[in-house]
1. Applying the selection to region 43-66, what residues are of a type outside the set (S, T, N, Q), in contact (Cβ under 8 Å) with a residue 12 or more places away in the chain and farther than 19 Å from S22 by Cβ?
2. I'd like the full set of residues that are open to solvent by less than 50 Å² (accessible area, probe 1.4 Å), more than 14 Å from A140 (Cβ to Cβ) and not in a helix (DSSP H, G or I), limited to region 74-97.
3. What are the pairs, 6+ residues apart or on separate chains, where a residue within region 105-123 that is closer than 23 Å to N89 by Cα and among the basic types (K, R) has its Cβ under 8 Å from a residue that is open to solvent by 20 Å² or more (accessible area, probe 1.4 Å) and assigned to a loop (DSSP other than H, G, I, E, B)?
4. Here is a list: D122, D59. Which entry is surrounded by fewer than 18 Cβ atoms within 10 Å (Cβ to Cβ) and either assigned to a loop (DSSP other than H, G, I, E, B) or modelled with pLDDT under 90 (or both)?
5. Restricting attention to region 105-118, does a residue exist that is within 20 Å of E160 (Cβ to Cβ) and open to solvent by less than 30 Å² (accessible area, probe 1.4 Å)?
6. Identify all residues within region 28-56 that are touching a strand residue (DSSP E or B) at 6+ places or on another chain (Cβ under 9 Å), open to solvent by 80 Å² or more (accessible area, probe 1.4 Å) and under 18 Å from N134 (Cα atoms); write none if there are none.
Amino acid sequence: MSEDETPERGHRIAASPTIIRSWLQENEYADTSGDEDVFDLLFESDEGELSVRMIASDDSGWVLLVAHGDFGVPPEHAPAVLDTCNRINYQQLVGAVSFDAATPDVQCRFFLSHPPGALDRDVFCGVVEAWLGNSMRCLAALRQVADGKQTPEVATAWLEEVDDDSGEAD
């Protein structure tokens, strides 16, 4: 399905893989998956690496975004990381964080639902940019707790300060 203009909204509507590929090309992000409906990306920041997987199910009408930090959680810090995940999920507006002590993996996720075959490009770009920024901040805070450098209270207070400084909602 090619991108179309909808006169009533002026937004471009297309199949989700088409929108994702276009977004990747515009931002010069490299997809390493080689799959038509799965996109793997790697972002680097001062806090470390963030691997992101986007999975599109255009027939069903959804895109799943999952980000992983490049750090593990020592068993002695697992309760504090889990507490921090719960605190973050309570205060944030975009996505959810989770911790699996069995792996020990920390993730940020977002599920974007759309009409099958008709993802709004502007909605996708806005949501993904907000979610990526949020994921990077959340994983930076969780890394500090996993390393034993911050308590859950201090880490989530820092996230609120960062959100206030950037003008975003907390």
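1. Filtering region 43-66 for residues of a type outside the set (S, T, N, Q) gives 43-44, 46-50, 52-56, 58-59, 61-66.
Checking the rest, the ones that are also in contact (Cβ under 8 Å) with a residue 12 or more places away in the chain come to 43, 47-50, 52-56, 58-59, 61-66.
Those that are of a type outside the set (S, T, N, Q), in contact (Cβ under 8 Å) with a residue 12 or more places away in the chain and farther than 19 Å from S22 by Cβ: E47, G48, E49, L50, D59, V66.
2. P74, V94, G95, A96, listed by residue number.
3. R109/G95
4. Numbers: D122 fails: either assigned to a loop (DSSP other than H, G, I, E, B) or modelled with pLDDT under 90 (or both).
Matching residue, one of D122, D59: D59.
5. Taking every residue of region 105-118 in turn, at least one turns out to be within 20 Å of E160 (Cβ to Cβ) and open to solvent by less than 30 Å² (accessible area, probe 1.4 Å).
6. Result: L42, E44, E47, R53.
The values are calculated or read from the model by the stated rules, or taken from the named source; none is laboratory data. All values derive from a computational prediction rather than experimental measurement. Neighbour counts are summed over all protein chains in view; Cβ atoms, including those assigned to glycine, are modelled from backbone coordinates with ideal geometry. When the accessible area is computed, the model is the full protein with side chains, heavy atoms only, and any ligands, DNA or RNA have been set aside. Shrake-Rupley method; radii C 1.70, N 1.55, O 1.52, S 1.80 Å.
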